[in-house]
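Notes follow once the structure below has been shown.
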Amino acid sequence: MFKLENIKKLNSALLSLGVSALVATSLSAATNGVSVDGAVKYPSVDGKYSEYYYNDQDIKYNNGRPATQNEINVWNIDVKPNGEGLPMYDVEKGKPVLDENGNPKKAEGSVEWGEELYDEQCVMCHGEFGGGGKGYPMLAGGSVASLKIQRLNPADENPNPDTPIRTIGSYWPYASTIFWYVWDSMPFPHPKSLTNSETYAITAYLLSVNNIKIDGEELDDEYVLDREKFLKIKMPNEDGFYPEVDTKDPQVGIERMRALLSDPTIYGKGNRCMSNCIEEQYGKGKTVDDLLMKINIPLDDGIVQTVSTERTWKEPEAAGAVMAGQAEYEAKCSACHGNPAIGAPVVGDKEAWAEVMEKGIEAVYANSINGINAMPPKGGHMDTPDDEIKMIVDYMINASK
């Protein structure tokens, strides 16, 4: 198991430099007799480096202007294990949001609010209480002890069926990863749409369902998470990774990783096999097929959509027209019904929806409201009125004809 490299921020430098400056730098190097291409330096002779010509004209470039601090703030949303990058306030367009008194609005969120947001934005993929869903991982459960479970020899008659359970609470070494990932990439249909306070709330809820304590305190519904409390979090598996590469000087981490990978004692030390290797190692009559660990769940189910053979002319809709239920579908249901890998009937798949409609529209309404198979009631949006759910169903059916 390994930690990620602790990379220093380069956001300001990269944004200030700009593409044209990088090009100018490359051309300048070429005209000085050396060209850098693919991290390899080539000597430049007679207007060429290697087999390629370069532009040796004296060209002046407009390098633009340095990025403003607000422009940098909009993109600078990484969070490091030591808490660097965690927001103190709610921010919009790089500037703190002001409260009714004109003061910066503190970013914070409760476990209870986080549960409401999770049920609205996350449950349709990650399941109730982070239990996991088809195509999406579990977010809660497992234990640090489970990480020590090793797969027994797959050629054995009864290989170990248990596997490590890697979730937020059992595996992730730093809580900063939770905040950063949710902040930057979630929810699936519209990432970067959560405020800083909403991100704190969802993070607090995910920590609570993983039974994480902060400074010895359990996270009940009323617990409010902010930057100050976040800095006190210690994850159960923080010390379970090696080598230690989260160092003040990134080069130290690199050297530690290089030393580990150069150590021959961490690799297999068995005798070399020159012929009949599988039988010698695993027993007479064993073949490659006996060593394969196969996935029982079909990963290609529903990925390839049937090509439509419809040839009838459809009257084009007016420009900008939105079908009834479309906005509600995109906000609440598109994460599953717009992704073939999930297994739900995808909007636009005529055959899939024709099969669904064999049950009759009332049965389809009932399944949508009460839940069916892996789909929770109302897709996890329990506060949505039944009539709105029916309107969404009507939209999905009409958009799939």
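The values are calculated or read from the model by the stated rules, or taken from the named source; none is laboratory data. Small disclaimer: the values here were computed from a predicted structure and weren't measured. In this analysis, Cβ positions are derived from the backbone assuming ideal geometry, glycine residues included, and neighbour counts consider all displayed protein chains.
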Does D246 qualify as being at pLDDT below 85 and within 26 Å of W172 (Cα to Cα)? yes
Members of the range 70-85 found to be farther than 19 Å from T177 by Cβ and in a loop (DSSP other than H, G, I, E, B), listed by number: none
Please verify whether the range 209-217 includes one or more residues that are closer than 29 Å to Y89 by Cβ, in contact with a Ser or Thr (Cβ under 9 Å, 6 or more places away or on another chain) and of a type in the set (V, I, T). no
Subset of the range 86-110 [assigned to a loop (DSSP other than H, G, I, E, B) and under 16 Å from L225 (Cα atoms)]: L86, P87, M88, D90, K105, A107, E108
Selection from the range 115-126 of residues that are touching a residue at least 60 places away in the same chain (Cβ under 8 Å) and either part of a loop (DSSP other than H, G, I, E, B) or in contact with a strand residue (DSSP E or B) (Cβ under 9 Å, 6 or more places away or on another chain) (or both): L117, C122, V123, M124, C125
Is there a residue being crowded, with 18+ Cβ neighbours inside 10 Å and touching a Cys at 6+ places or on another chain (Cβ under 8 Å) anywhere in the range 192-215? yes
Taking the range 357-382, which residues are farther than 18 Å from G130 by Cα and buried (at least 20 other Cβ atoms within 10 Å of the Cβ)? V364, S368
When the range 203-238 is examined, which residues are found to be part of a loop (DSSP other than H, G, I, E, B) and in contact (Cβ under 8 Å) with a residue 60 or more places away in the chain? N210, L219, D220, D221, E222, Y223, D226, L231, M235, P236, N237, E238
Exactly one of K95, K106 is touching a Phe, Trp or Tyr at 6+ places or on another chain (Cβ under 7 Å), modelled with pLDDT of 85 or more and surrounded by 12 or more Cβ atoms within 10 Å (Cβ to Cβ), and that residue is K106
Just for the range 49-90: of the residues that are among the aromatic types (F, W, Y) and under 29 Å from the mean Cα position of the chain (by Cα), which one is surrounded by the fewest Cβ atoms within 10 Å (Cβ to Cβ)? W75
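Examine the range 115-128 for a residue that is small (G, A, S) and within 20 Å of Y174 (Cβ to Cβ), and state whether such a residue exists. Break it down stepwise before answering.
At the first step, the residues of the range 115-128 found to be small (G, A, S) are 127.
When the remaining residues are screened for being within 20 Å of Y174 (Cβ to Cβ), the result is none.
There is no residue in the range 115-128 that is small (G, A, S) and within 20 Å of Y174 (Cβ to Cβ).
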Evaluation of D162 against (1) more than 30 Å from L98 (Cβ to Cβ); (2) crowded, with 22+ Cβ neighbours inside 10 Å (one fails), failing number: (2)
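Only one of E244, E255 is in a loop (DSSP other than H, G, I, E, B) and either more than 29 Å from V74 (Cβ to Cβ) or out of contact with any Phe, Trp or Tyr (no Cβ under 7 Å at 6 or more places or on another chain) (or both); which?
After applying the criteria, what remains is E244.
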Checking the conditions here, which among K286, K294 is part of a loop (DSSP other than H, G, I, E, B), modelled with pLDDT of 80 or more, under 30 Å from P161 (Cα atoms) and not small (G, A, S)? K286
